[in-house]
1. Picking from 311, 275, 305, which residue would you name as being assigned to a loop (DSSP other than H, G, I, E, B), under 39 Å from the mean Cα position of the chain (by Cα) and modelled with pLDDT under 85?
2. When the residues of the range 408-420 are filtered to those that are in contact with a strand residue (DSSP E or B) (Cβ under 7 Å, 6 or more places away or on another chain) and not aliphatic (A, V, I, L, M), which remaining residue is least open to solvent (accessible area, probe 1.4 Å)?
3. Among the residues of the range 482-503 satisfying the criterion of being out of contact with any Ser or Thr (no Cβ under 8 Å at 6 or more places or on another chain) and at pLDDT 75 or above, which is most open to solvent (accessible area, probe 1.4 Å)?
4. Being under 28 Å from residue 178 (Cα atoms) and open to solvent by 10 Å² or more (accessible area, probe 1.4 Å) narrows it down to one residue among 286, 256, 244, 292; which is it?
5. Considering only residues that are in contact with a Ser or Thr (Cβ under 9 Å, 6 or more places away or on another chain) and either touching a residue at least 60 places away in the same chain (Cβ under 8 Å) or assigned to a loop (DSSP other than H, G, I, E, B) (or both), which ones fall in the range 315-351?
6. Can you find a residue in the range 330-342 that is more than 24 Å from residue 370 (Cα to Cα), open to solvent by less than 10 Å² (accessible area, probe 1.4 Å) and modelled with pLDDT of 85 or more?
7. Run down 510, 461 and say which single residue is open to solvent by 30 Å² or more (accessible area, probe 1.4 Å), part of a helix (DSSP H, G or I) and at pLDDT 85 or above.
8. For the range 370-384, state whether one or more residues are exposed (fewer than 15 other Cβ atoms within 10 Å of the Cβ) and either closer than 25 Å to residue 423 by Cα or of a type outside the set (D, E, K, R) (or both).
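The values are calculated or read from the model by the stated rules, or taken from the named source; none is laboratory data. Remember, it's a predicted structure, so these values are computed and weren't measured experimentally. No Cβ is skipped: glycine too gets one built from the backbone with ideal geometry, and neighbour counts run over all protein chains shown. For accessibility, only protein heavy atoms count, side chains too; no ligands or nucleic acids. Shrake-Rupley method; radii C 1.70, N 1.55, O 1.52, S 1.80 Å.
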Amino acid sequence: MDVLVAMGSSAAYFYSIPITLGVSGLGHHVYFETSAVIITLIVTGKVLEARAKGRTSEAIKKLIGLQPRTARVIRDGQEEDIPISRVQHGDIVLVRPGEKIPVDGTVIEGASAVDESMLTGESLPVNKASGDTITGGTLNKNGLLKFKATRVGKETALAQIIRLVEQAQGSRAPIQATVDRVAAVFVPAVITVAVITLGVWWVGSGDFTTALIRTIAVLVIACPCAMGLATPTAIMVGVGKGAENGILFRNSRALERAHRLQAIILDKTGTITQGKPSVTMISASEKSPLNEAEILALAAAAERGSEHPLGEAVVRAVRERDLPLAEVHEFEAVTGHGIAAVVDKHNVLVGSRRFMQDRQVALNGLDANAADLQNHGQTAIWLAIDDQAVGLIGVADTIKEGSREAIAALKRMGLEVIMLTGDNQATARAIGQEAGVDRIVAEVLPGDKAAQVKALQDEGKTVAMVGDGINDAPALAQADVGMAIGTGTDVAMETADVTLMHGDLRAVPKAIRLSHGTMNTIWQNLFWAFGYNTLLIPIAAGVLVLVAFAPEFLQQLHPILAALAMSFSSVSVVTNSLRLKGRKI
């Protein structure tokens, strides 16, 4: 990048030396000041450029600033403040209200709201209690937390995020290779133009000094610094802005590719949906002596000893509603069918329709309700008391908040949205229709998900895969852009091109919009860099001498003005990249 400037300033300097020594035939004016001012202006421009570029890496500085310097640990029954580098696996760490959490861990005592906006971009605090995981660098808002350190030093999520952002900002986007190839041709071409300028003006005017000054102006003004800055500065700002919004690009290639996507495949469980079943409906039979709350509480009392996910959903629903649970006696779990128990001296059965039939339970007209639940992709849990069916509980993996909005946004971008799931057709169809996807592919084994991605790619489409980053790893690797949505686990970060730290699907269209914004900025930078050189090289070569009304300083562009203009072009490119920081995604 500096070859042309070095040639121009050196030509002015070494031309002046023999004049100073009294060599005749070269004129009497020396151009040491031209050489000195060119270098001064270039260095000044680079200082301004460096300051502007420093702002492009503010995201890294903010992330590093989130790391606390000390941690309060409990060792041998005593509290002590130690440097964060000395925290070890298994240490018990204490965090008071208003303090930053020093390392990753699991809460063992206390409850609080934790501000995780640095991690997820989500402004609302998240409630944490015993058994919940917490992340180093997040802010404890209002409660005392005692937790066990599980990841320290370079293992913490924040340290991994910083490493990923640094790698992505330092990586080379594919478009940069094109720019480099152009620059490799551009510099020799400019030297050729400079030599031609020297020859034409020397022969035409007979004045070597005038010809040399024009040649120096051509060399200095054509320096392709702005061209070289166009891509990396935009990439640095784009990656940093993504990190601030909980979107981690593994490299600049992923950031560039995302704007070309044509189809996007969404895993159902944990991506579109919550990933865990929850109670969606309660229905009582006409002969039931119980209301809906009592049906739920009775079923939960029987299911309390069960480890089945559906049973856990029922128990969780009762706890959320703060309903009392009766004592259970003679508990019996029948694998694959249901539970039999004695509650308040009544024989209670909870399970499938087949379980009820096997126990010769009167269904009391609930068949139609059960069929309706299944048609909507829900599982029907039957409840019977003393051989009489009294109610149904609908359980389903519900759609996450924001999933419908995200899918609608992706469709507005012109992307084909496909839902991929191992569920049966009925359940998949119900969830897919509710979410608003274009196409549903159901009953797909985990090992076959990558083949589905490949099939779309064979149609000539650029495909993104969005999954949880663990069981979807082959599909994420196969996709043109793999996006892991979740909590930023090690496996997700290592597998996916993009890690979406927050479990909200709305981050996917944000990532794509950020890619579009970054690429638009790169093309703007390149347009101005190439346009600038294309316009000013002929002016420096003296073509405006043919235009009578052109200002004299443009007809004979002094190398000092050329250096000033060249420095301004570099600063303007960096400044344009910084505009991306204010772009709404």
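1. 275
2. Residue satisfying both the conditions and the ranking: 416.
3. Among those that are out of contact with any Ser or Thr (no Cβ under 8 Å at 6 or more places or on another chain) and at pLDDT 75 or above, it is 497.
4. One residue alone meets the criteria, 256.
5. Answer for the range 315-351, where residues must be in contact with a Ser or Thr (Cβ under 9 Å, 6 or more places away or on another chain) and either touching a residue at least 60 places away in the same chain (Cβ under 8 Å) or assigned to a loop (DSSP other than H, G, I, E, B) (or both): 336, 337.
6. no
7. Numbers: 461 fails: part of a helix (DSSP H, G or I).
It is 510.
8. Yes, the conditions are met somewhere in the range 370-384.
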